[in-house]
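Below is one structure, written out as structure tokens; comments come after it.
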Amino acid sequence: MIMTLHKMEKRLILPNGEVRPLREGQTALDVLGEDPRYLALRVGNRLWDLFRPLPEDVEEAHVLTFEDPEGREVYWHSTAHILAQAVKRLFPDFKLTIGPPIERGFYYDFDTGGYTFTPEDLERLEEEMRAIIRENFVVSRKDLPREEAARIFQERNEPYKLELLDSFEEETVSIYTQGEFVDLCRGPHVPRTSWIRAIKLLSSSSAYWRGDEKGPVLQRIYGISFPGEEQLASFLHKLEEAQRRDHRKLGRELELFTVSDEVGPGLILWLPRGARIRRIIEDLWRAEHDRRGYDLVYTPHVGKSRLWEISGHLEVYRENMYPPMTFEEGEEYFVKPMNCPFHIQIYRSRTRSYRDLPIRLAEIGTVYRYERSGVLHGLLRVRGFSQDDAHIFCRADQVEDEVIGVMEFALELLRTFGFEEFRVFLSTRPEKYVGSLEMWEHATRALQRALERLDLPYEVDEGGGAFYGPKIDMKLRDALDREWQCTTVQFDFNLPERFNLTYRGSDGKDHRPFMIHRALFGSFERFLGVLIEHYAGNFPFWLAPTQVRILPITDHQLPYARTVEASLCEAGLRVEVDDRNERVGYKISEAEREKIPVMFVVGKREAAASTVSLRIHGHGDQGTFPYSALIPVLKDMNRPGTPTETLLTWISQHKEATHR
């Protein structure tokens, strides 16, 4: 009996769901043609070039476009290669290092021998990149032994590529070629340079080789590219708006926070106005935790080295910790990089019963982590910050309800601050993990069911969980359509084992509790940075550090202004009187510049009639009203989550009622 073996039939899945067969020997490029909409393939968990034959064991591949996150990565990675080719043409002695895609665009680092790129250089490089695009080079890939690749880059005098090759474990590596340009790269890339259309080099800065401050200083060029000029124009408009909203700029102009060289980089000093906003957020945070059954705790800023040895931080996290302090008895102490070991000690402070669970411990805990100076960025990347931290200790049968409770809490809180769009990610078990398969499966199912019960769409990051447990990450979308990581719900099977956490079950035996790390904002510093940029400093009335500023026209109205101030303060509002000897027009412009939501202008007529001339930031003069009539409206607007537009609605209704 003769049996005929058929090779596995392969197929391409297009973005619209259309299926196209791949015959033996064909590539995706053969089937799709040279259509610049199609950029690369997703083959299982791998990305693949359109011009490469599919692996023998693969049945199907998904075609990626610029609409896919992976497609954008390929597009931007290919543009980075065009930038590097342009640099080598204009500056042939500069050395190549690395050039990856990033969240929005790409960069490439070069050893320039101390030369600093100028804006004029970036313009010249852009023109050369456009020339390379017009030259329409075919992009090709070659897999070759590491020794052969080393010979190529030795001949091309590229020492950083040789260093990278030395660090690789693989015996076979890949290089990509376009015209005269060759780069060491895993790929994939678009098939031709002409598939890259609209480009812009955004900036240049210094960088360290491999992020090591002791290593060579490089020059980094950032860029962006899109398939169309309209997309590029839209991006550049948003970028300009983002620069206008930069929290570092607004933080300085609105006197919210500062950083002092004498104190140290990455250590935030909260100025009175910024501290006022932070206190409002903290008060809301504490009140909501009380309402939801959390126990608020306080823990020290330092702990013995033994604590961090047991937790494993000294083993895996020491490079991010500050150096130890040694006291007379020789004991070493570390400032804390995390709060969890302290909350665990609170849990262990007495024997726990199954009836005690769940235990929810929450703290605004300040932690300290050493970040390299080059990555520090205002409030978004700091060395000392306060986490809105909580740890939940619960039984297996309570896990799902606890996760739902956390997600509901997060959504309600973030919506209070004006965020309505979110992306949710579920990260599952990696290859290396601690804990039993049963615990992993139970926790992962609980996370999935919680998201489904809340009707929250989510993306699965297969194998993307930490080694100690699966997690949910939630990103919020701001006014400029940017995503920010905020809420995390992280199971931990590691620390309960390390600290031997137990509770006495209904069967009289000891059991291991489930432990959940949970943060809603991430940190107060980062969250306030996001808020500043989201609102461009125009905080809603309930969150503004100064809600009402009273502007007397002359000193004769000061006593009346103080009377109005006292009434507003009694109603729980945050009020200032501008008693400077300045023209009222100047006082108004200053209040507008400082983004004060509500202004009361008071002159002789207003004082005589117990009224105020009402101005709203960005909306100008609204007319004259009895201040006593405004107090209930403003008091109502002081509730968290109330939009400032409520006042405009009231004014419109008040005027209609007055004219009837």
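General observations
- Pair residue 260, residue 138: separation of 7 Å Cα→Cβ label points (nm): 6.6
- Taking trypsin sites (Lys or Arg not before Pro) across the stretch 314-353, the ones in a DSSP loop with at most 14 further Cβ atoms lying within 10 angstrom of their Cβ are 348, 350.
- For residue 353 and residue 421, a Förster radius of 51 Å and the Cβ-Cβ distance give a FRET efficiency of 0.75, rounded to the nearest 0.05.
- Its Cα gyration tensor gives the stretch 482-544 an equivalent ellipsoid. The semi-axes, each the square root of 5 times an eigenvalue, are 41, 12, 8 Å from largest down.
- Comparing Cα centroids, the stretch 131-204 and the stretch 240-272 end up 40 angstrom apart.
- In the stretch 166-217, the chymotrypsin sites (Phe, Trp or Tyr not before Pro) that fall in loop regions by DSSP, at most 10 other Cβ within 10 Å: none
- Accessible surface, per residue, of the chain when the full set of protein chains is kept, probe 1.4 Å, Å²: 48
- For the stretch 324-429, the fraction of C-alpha pairs farther apart than 15 angstrom is 77 percent.
- Between residue 214 and residue 169, the C-beta separation translates, for a Förster distance of 35 Å, into a calculated FRET efficiency of about 0.90.
- Sites residue 381 and residue 231, calculated FRET efficiency, Cβ-Cβ separation with R0 25 Å, nearest 0.05: 0.35
- Percent of beta bridges antiparallel (DSSP, the stretch 542-660, rounded to nearest 5): 55
- Loop-located trypsin sites (Lys or Arg not before Pro) in the stretch 484-515 whose Cβ has at most 10 other Cβ within 10 Å (DSSP): 509
- With a threshold of 26 Å on the Cα-Cα distance, the over-threshold entries among 432/471; 238/655; 475/635; 95/475 are 238/655; 475/635; 95/475.
- Apportionment of accessible area to carbon and sulfur, the chain, percent (1.4 Å): 48
- For Cα Rg over 2.2 N^0.38 Å, calculated from these coordinates, the label among [x] 1.15; [y] 1.38; [z] 1.22: [x]
- The stretch 274-327-the stretch 32-97 distance, computed between alpha-carbon centres (Å): 43
- Listed by chain and number, the aspartates and glutamates placed with their C-alpha closer than 14 angstrom to that of residue 249 are 240, 241, 533, 594; residues fewer than eight positions away on the same chain are left out.
- Simple label model, 7 Å out from Cα along Cβ direction - residue 13 to residue 657, nm: 6.0
- Distance between the pseudo-spin-label points of residue 481 and residue 318 (7 Å out from Cα toward the beta carbon): 4.7 nm.
The values are calculated or read from the model by the stated rules, or taken from the named source; none is laboratory data. Worth saying up front: this structure is predicted, and the values here are computed from it rather than measured. Cβ atoms come from the backbone with ideal geometry, glycine included; neighbour counts cover every protein chain shown. All accessible areas refer to the heavy atoms of the entire protein, side chains included, with ligands and DNA or RNA removed. Shrake-Rupley method; radii C 1.70, N 1.55, O 1.52, S 1.80 Å.
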